[in-house]
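Scroll down for the structure; my scribbles are underneath it.
The values are calculated or read from the model by the stated rules, or taken from the named source; none is laboratory data. For clarity, every value in this text was computed on a predicted model and none was experimentally measured. So basically every Cβ, Gly included, is an ideal-geometry build from the backbone, and we count neighbours across all protein chains shown. Side chains are part of the model used for accessible areas, which takes the heavy atoms of the whole protein and leaves out ligands, DNA and RNA. Shrake-Rupley method; radii C 1.70, N 1.55, O 1.52, S 1.80 Å.
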Amino acid sequence: MDIDKNHIGPIGVFDSGFGGLSILREIRKTLPQYDYLFLGDNARAPYGTRSFEIVYEFTLQAVKYLFSQGCHLVILACNTASAKALRTIQQNDLPLIDPSWRVLGVIRPTVEAIGNISKNGHVGVFGTPGTVLSQSYDIEIAHLYPNFRVFSHACPMWVPLVENREAAGDGADFFVRKDIGALTSQCPDIDTVILGCTHYPLLMPKIRQYMPQGIQVIEQGPIVAESLKDYLARHPEIDVHCSKSGSCRYLTTDNADKFSSLASIFVNETVTASKITL
(Lines give C-alpha, C1' and ligand atoms only; values in the text may rest on other atoms or scores of the structure.)
Protein backbone atom coordinates (compact mmCIF):
# COMPACT_ATOMS: atom_id res chain seq x y z
CA MET A 1 0.00 0.00 0.00
CA ASP A 2 1.78 3.10 -1.23
CA ILE A 3 0.97 5.97 1.13
CA ASP A 4 3.25 8.79 2.25
CA LYS A 5 4.42 8.03 5.78
CA ASN A 6 4.04 11.70 6.69
CA HIS A 7 0.48 11.93 5.39
CA ILE A 8 -2.20 12.90 7.87
CA GLY A 9 -5.73 11.62 7.56
CA PRO A 10 -8.97 10.91 9.39
CA ILE A 11 -9.54 8.33 12.09
CA GLY A 12 -11.22 5.37 10.42
CA VAL A 13 -14.25 3.82 12.10
CA PHE A 14 -15.58 0.52 10.79
CA ASP A 15 -18.69 -1.53 11.45
CA SER A 16 -20.43 -4.32 9.59
CA GLY A 17 -23.62 -2.28 9.70
CA PHE A 18 -25.09 0.68 11.54
CA GLY A 19 -24.42 -0.02 15.22
CA GLY A 20 -20.89 1.36 15.14
CA LEU A 21 -22.42 4.76 14.52
CA SER A 22 -23.39 4.79 18.21
CA ILE A 23 -19.67 4.44 19.01
CA LEU A 24 -18.76 7.13 16.48
CA ARG A 25 -21.33 9.49 18.00
CA GLU A 26 -19.73 9.21 21.44
CA ILE A 27 -16.19 9.50 20.05
CA ARG A 28 -17.12 12.70 18.25
CA LYS A 29 -18.62 14.11 21.44
CA THR A 30 -15.40 13.42 23.32
CA LEU A 31 -12.94 14.26 20.51
CA PRO A 32 -14.76 16.71 18.23
CA GLN A 33 -11.60 18.24 16.80
CA TYR A 34 -10.59 15.15 14.81
CA ASP A 35 -11.64 14.12 11.31
CA TYR A 36 -13.48 10.80 10.94
CA LEU A 37 -14.23 8.42 8.09
CA PHE A 38 -16.95 5.87 8.86
CA LEU A 39 -17.34 2.74 6.74
CA GLY A 40 -20.32 0.44 7.06
CA ASP A 41 -20.21 -2.88 5.18
CA ASN A 42 -23.99 -2.89 5.02
CA ALA A 43 -24.19 -4.93 1.83
CA ARG A 44 -22.72 -7.92 3.67
CA ALA A 45 -24.22 -7.36 7.11
CA PRO A 46 -24.92 -8.82 9.55
CA TYR A 47 -21.58 -10.30 10.59
CA GLY A 48 -22.96 -11.77 13.81
CA THR A 49 -23.84 -15.19 12.38
CA ARG A 50 -20.90 -15.50 9.96
CA SER A 51 -17.84 -17.72 10.44
CA PHE A 52 -14.57 -16.51 11.92
CA GLU A 53 -12.88 -16.85 8.52
CA ILE A 54 -15.44 -14.73 6.68
CA VAL A 55 -15.57 -12.02 9.37
CA TYR A 56 -11.77 -11.80 9.31
CA GLU A 57 -11.68 -11.63 5.50
CA PHE A 58 -14.34 -8.92 5.30
CA THR A 59 -12.88 -6.90 8.18
CA LEU A 60 -9.39 -6.96 6.70
CA GLN A 61 -10.76 -5.72 3.39
CA ALA A 62 -12.40 -2.80 5.17
CA VAL A 63 -9.29 -1.98 7.20
CA LYS A 64 -7.13 -1.98 4.08
CA TYR A 65 -9.62 0.30 2.34
CA LEU A 66 -9.56 2.78 5.22
CA PHE A 67 -5.76 2.68 5.22
CA SER A 68 -5.84 3.47 1.49
CA GLN A 69 -7.95 6.55 2.32
CA GLY A 70 -5.22 7.91 4.58
CA CYS A 71 -6.37 6.54 7.94
CA HIS A 72 -3.40 5.63 10.12
CA LEU A 73 -5.70 4.56 12.96
CA VAL A 74 -8.82 2.41 12.52
CA ILE A 75 -11.38 1.62 15.22
CA LEU A 76 -13.35 -1.59 14.81
CA ALA A 77 -16.62 -0.23 16.23
CA CYS A 78 -18.12 -3.69 15.94
CA ASN A 79 -18.08 -6.37 18.62
CA THR A 80 -18.18 -9.23 16.11
CA ALA A 81 -15.23 -7.87 14.12
CA SER A 82 -13.37 -7.11 17.35
CA ALA A 83 -14.05 -10.65 18.56
CA LYS A 84 -13.30 -12.57 15.38
CA ALA A 85 -10.76 -10.47 13.44
CA LEU A 86 -8.92 -7.89 15.56
CA ARG A 87 -6.23 -10.08 17.09
CA THR A 88 -5.30 -11.72 13.78
CA ILE A 89 -5.11 -8.37 12.01
CA GLN A 90 -2.96 -6.89 14.77
CA GLN A 91 -0.59 -9.85 14.99
CA ASN A 92 -0.39 -11.12 11.39
CA ASP A 93 -1.41 -8.37 8.99
CA LEU A 94 -0.26 -5.03 10.43
CA PRO A 95 3.42 -6.06 10.55
CA LEU A 96 3.20 -6.75 6.80
CA ILE A 97 1.06 -3.72 5.87
CA ASP A 98 2.77 -1.12 8.08
CA PRO A 99 3.84 -1.71 11.69
CA SER A 100 3.30 1.98 12.52
CA TRP A 101 -0.44 1.88 11.79
CA ARG A 102 -2.98 0.79 14.38
CA VAL A 103 -6.27 -1.09 14.55
CA LEU A 104 -8.17 -1.01 17.85
CA GLY A 105 -11.37 -2.72 19.00
CA VAL A 106 -14.20 -2.15 21.45
CA ILE A 107 -14.02 -5.25 23.65
CA ARG A 108 -10.79 -4.60 25.56
CA PRO A 109 -11.65 -1.05 26.75
CA THR A 110 -15.11 -2.22 27.78
CA VAL A 111 -13.67 -5.06 29.84
CA GLU A 112 -11.06 -2.79 31.43
CA ALA A 113 -13.84 -0.53 32.71
CA ILE A 114 -15.77 -3.39 34.31
CA GLY A 115 -13.28 -3.70 37.15
CA ASN A 116 -14.36 -0.34 38.52
CA ILE A 117 -18.08 -0.99 38.03
CA SER A 118 -18.94 -4.52 39.19
CA LYS A 119 -19.06 -4.89 42.97
CA ASN A 120 -19.30 -8.68 43.18
CA GLY A 121 -17.61 -9.88 39.98
CA HIS A 122 -20.74 -11.42 38.45
CA VAL A 123 -21.01 -9.97 34.93
CA GLY A 124 -23.60 -10.56 32.24
CA VAL A 125 -23.02 -10.03 28.52
CA PHE A 126 -25.61 -9.51 25.81
CA GLY A 127 -24.23 -9.98 22.29
CA THR A 128 -24.81 -11.30 18.80
CA PRO A 129 -24.53 -15.07 18.32
CA GLY A 130 -21.06 -14.54 16.82
CA THR A 131 -19.75 -12.49 19.72
CA VAL A 132 -21.16 -14.88 22.32
CA LEU A 133 -19.82 -17.93 20.45
CA SER A 134 -16.35 -16.37 20.25
CA GLN A 135 -16.23 -16.10 24.07
CA SER A 136 -14.16 -12.95 23.59
CA TYR A 137 -15.63 -11.25 26.65
CA ASP A 138 -15.13 -14.38 28.75
CA ILE A 139 -11.49 -14.58 27.67
CA GLU A 140 -10.71 -10.88 28.21
CA ILE A 141 -12.45 -10.76 31.57
CA ALA A 142 -10.69 -13.94 32.72
CA HIS A 143 -7.37 -12.40 31.71
CA LEU A 144 -7.88 -9.12 33.55
CA TYR A 145 -10.12 -10.27 36.40
CA PRO A 146 -9.59 -14.01 36.97
CA ASN A 147 -11.98 -14.08 39.92
CA PHE A 148 -14.93 -12.71 37.93
CA ARG A 149 -17.69 -14.94 36.57
CA VAL A 150 -19.22 -14.23 33.17
CA PHE A 151 -22.71 -15.17 31.97
CA SER A 152 -23.46 -14.58 28.29
CA HIS A 153 -26.65 -14.62 26.25
CA ALA A 154 -27.12 -14.16 22.51
CA CYS A 155 -29.90 -11.83 21.35
CA PRO A 156 -30.38 -12.52 17.62
CA MET A 157 -33.54 -10.41 17.37
CA TRP A 158 -32.23 -7.18 18.88
CA VAL A 159 -30.33 -5.94 15.81
CA PRO A 160 -33.28 -6.52 13.42
CA LEU A 161 -35.57 -4.68 15.87
CA VAL A 162 -33.31 -1.64 15.77
CA GLU A 163 -32.69 -1.66 12.03
CA ASN A 164 -36.40 -2.09 11.27
CA ARG A 165 -37.19 0.90 13.50
CA GLU A 166 -39.05 -1.29 15.99
CA ALA A 167 -36.94 -0.44 19.05
CA ALA A 168 -39.89 1.36 20.65
CA GLY A 169 -42.54 -1.16 19.55
CA ASP A 170 -44.38 -3.99 21.32
CA GLY A 171 -42.16 -6.60 19.65
CA ALA A 172 -39.16 -5.07 21.38
CA ASP A 173 -40.92 -5.46 24.75
CA PHE A 174 -41.38 -9.17 24.14
CA PHE A 175 -37.82 -9.95 23.07
CA VAL A 176 -36.05 -7.64 25.52
CA ARG A 177 -38.04 -9.03 28.46
CA LYS A 178 -37.46 -12.62 27.31
CA ASP A 179 -33.70 -12.18 26.79
CA ILE A 180 -33.18 -10.35 30.08
CA GLY A 181 -35.00 -13.21 31.82
CA ALA A 182 -32.81 -15.76 30.06
CA LEU A 183 -29.63 -13.99 31.15
CA THR A 184 -30.57 -13.25 34.75
CA SER A 185 -31.89 -16.78 35.26
CA GLN A 186 -28.32 -18.04 34.76
CA CYS A 187 -27.24 -16.30 37.97
CA PRO A 188 -29.25 -14.25 40.49
CA ASP A 189 -26.12 -12.35 41.56
CA ILE A 190 -25.33 -10.57 38.28
CA ASP A 191 -24.74 -6.91 39.16
CA THR A 192 -23.40 -5.59 35.84
CA VAL A 193 -24.52 -6.25 32.26
CA ILE A 194 -22.46 -5.32 29.20
CA LEU A 195 -24.32 -4.42 26.03
CA GLY A 196 -21.89 -6.28 23.78
CA CYS A 197 -23.33 -5.03 20.50
CA THR A 198 -23.28 -1.46 19.28
CA HIS A 199 -26.95 -1.59 18.22
CA TYR A 200 -28.18 -2.36 21.70
CA PRO A 201 -28.01 1.17 23.21
CA LEU A 202 -30.97 2.09 21.00
CA LEU A 203 -33.00 -0.42 23.03
CA MET A 204 -31.93 1.14 26.33
CA PRO A 205 -35.40 2.44 27.32
CA LYS A 206 -36.78 -1.11 27.06
CA ILE A 207 -33.71 -2.62 28.70
CA ARG A 208 -34.01 -0.27 31.69
CA GLN A 209 -37.72 -1.04 31.91
CA TYR A 210 -37.22 -4.81 32.27
CA MET A 211 -33.78 -5.08 33.88
CA PRO A 212 -34.03 -5.99 37.59
CA GLN A 213 -33.18 -3.19 39.99
CA GLY A 214 -29.60 -3.02 41.16
CA ILE A 215 -28.06 -4.20 37.89
CA GLN A 216 -25.88 -1.65 36.09
CA VAL A 217 -26.13 -1.67 32.29
CA ILE A 218 -22.95 -0.70 30.46
CA GLU A 219 -22.97 1.05 27.09
CA GLN A 220 -19.73 0.88 25.15
CA GLY A 221 -19.77 4.25 23.40
CA PRO A 222 -18.65 6.51 26.27
CA ILE A 223 -16.11 3.92 27.46
CA VAL A 224 -14.54 3.50 24.00
CA ALA A 225 -14.47 7.28 23.50
CA GLU A 226 -12.61 7.89 26.76
CA SER A 227 -10.25 5.01 26.01
CA LEU A 228 -9.44 6.49 22.59
CA LYS A 229 -8.83 9.91 24.14
CA ASP A 230 -6.39 8.33 26.58
CA TYR A 231 -4.76 6.28 23.82
CA LEU A 232 -4.08 9.32 21.63
CA ALA A 233 -2.67 11.25 24.61
CA ARG A 234 -0.29 8.35 25.32
CA HIS A 235 0.68 7.86 21.66
CA PRO A 236 1.63 11.21 20.12
CA GLU A 237 3.31 9.33 17.26
CA ILE A 238 -0.20 8.18 16.22
CA ASP A 239 -1.97 11.42 17.07
CA VAL A 240 0.32 13.44 14.81
CA HIS A 241 -1.00 11.49 11.80
CA CYS A 242 -4.66 12.25 12.64
CA SER A 243 -6.05 15.29 10.85
CA LYS A 244 -8.05 17.75 12.90
CA SER A 245 -10.66 19.89 11.20
CA GLY A 246 -13.80 18.45 12.84
CA SER A 247 -15.13 16.73 9.71
CA CYS A 248 -16.95 13.40 9.35
CA ARG A 249 -17.62 11.44 6.17
CA TYR A 250 -19.70 8.30 5.72
CA LEU A 251 -19.18 5.38 3.35
CA THR A 252 -21.31 2.28 2.80
CA THR A 253 -21.14 -0.80 0.61
CA ASP A 254 -24.93 -0.70 0.20
CA ASN A 255 -27.36 1.89 -1.18
CA ALA A 256 -26.18 5.32 -0.04
CA ASP A 257 -29.66 6.83 0.36
CA LYS A 258 -30.86 3.88 2.44
CA PHE A 259 -27.78 4.12 4.64
CA SER A 260 -28.13 7.86 5.08
CA SER A 261 -31.74 7.53 6.18
CA LEU A 262 -31.13 4.88 8.81
CA ALA A 263 -27.78 6.27 9.97
CA SER A 264 -29.47 9.46 11.14
CA ILE A 265 -31.22 7.42 13.87
CA PHE A 266 -27.85 6.54 15.39
CA VAL A 267 -26.03 9.87 15.14
CA ASN A 268 -28.97 12.26 15.63
CA GLU A 269 -28.05 14.39 12.63
CA THR A 270 -28.49 14.39 8.87
CA VAL A 271 -26.12 11.98 7.13
CA THR A 272 -25.01 12.00 3.51
CA ALA A 273 -23.15 8.84 2.56
CA SER A 274 -21.28 7.62 -0.52
CA LYS A 275 -21.29 4.06 -1.84
CA ILE A 276 -18.02 2.19 -2.27
CA THR A 277 -17.03 -1.37 -3.20
CA LEU A 278 -14.66 -3.48 -1.13
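Summary table
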| read-out | value |
| --- | --- |
| Sequence-distant residues sharing a close amide H with Thr198 (under 5 Å, placed H) | Asn79 |
| Ellipticity estimate at 222 nm from DSSP helix runs (n ≥ 4, -39,500 (n - 2.57)) divided over the chain, nearest 500 | -12500 deg cm²/dmol |
| Segments 83-96, 186-199 sorted - mean Cβ within 10 Å per residue, highest first | 186-199, 83-96 |
| Amide H partners (placed H, <5 Å) of Tyr36, local residues excluded | Ile11, Ser247, Cys248, Arg249 |
| Residues with amide H under 5 Å from that of Gln216, placed H, sequence gap 5 or more | Thr192, Val193 |
| Karplus-derived HN-Hα couplings along the stretch 138-149 (A = 6.51, B = -1.76, C = 1.60, θ = phi - 60°), whole Hz, x at Gly and Pro | 4, 5, 5, 5, 4, 5, 8, 9, x, 8, 6, 10 |
| Separation of the Ala233 and Gln90 label points, Cα + 7 Å toward Cβ, nm | 2.1 nm |
| ³J(HN,Hα), Karplus 6.51/-1.76/1.60, whole Hz, each residue of the stretch 191-206, x for Gly, Pro | 10, 9, 10, 8, 7, x, 8, 6, 6, 4, x, 6, 9, 4, x, 5 |
| Approximate spin-label separation Ile97-Ser185, in nm, with each point projected 7 Å along Cα-to-Cβ | 4.3 nm |
| Calculated diffusion of the chain, Stokes-Einstein form, Kirkwood radius summed over Cα pairs, 4 °C and 1.567 mPa s, µm²/s | 69 µm²/s |
| Ser261 versus Lys64: modelled label distance in nm, points set 7 Å from Cα along the beta carbon direction | 3.3 nm |
| The stretch 210-277 pair-distance distribution - Cα-Cα, 10 Å bins, rounded % | 16, 27, 34, 20, 4 |
| Under the Karplus curve 6.51 cos²θ - 1.76 cosθ + 1.60, θ = phi - 60°, whole-Hz ³J(HN,Hα) for the stretch 51-57, x wherever Gly or Pro sits | 6, 4, 5, 5, 4, 4, 4 |
| Residue-normalised accessible area of the stretch 50-93, expressed per residue, 1.4 Å probe, Å² | 35 Å² |
| Cα principal axis extents for the stretch 41-120, largest first, Å | 44, 31, 20 |
| Ellipsoid semi-axes in whole angstrom, largest first, where each is sqrt(5λ) of the Cα gyration tensor of the stretch 117-171 | 28, 13, 7 |
| Accessible area (Å², per residue) of the stretch 120-263, counting only protein heavy atoms and a probe of 1.4 Å | 46 Å² |
| Over 31 Å (Cα to Cα) - which of Lys29/Lys206; Lys119/Lys229; Lys29/Lys64; Lys119/Lys244 fall in this group | Lys119/Lys244 |
| Carbon plus sulfur fraction of accessible area for the stretch 145-278, probe 1.4 Å, in percent | 49 percent |
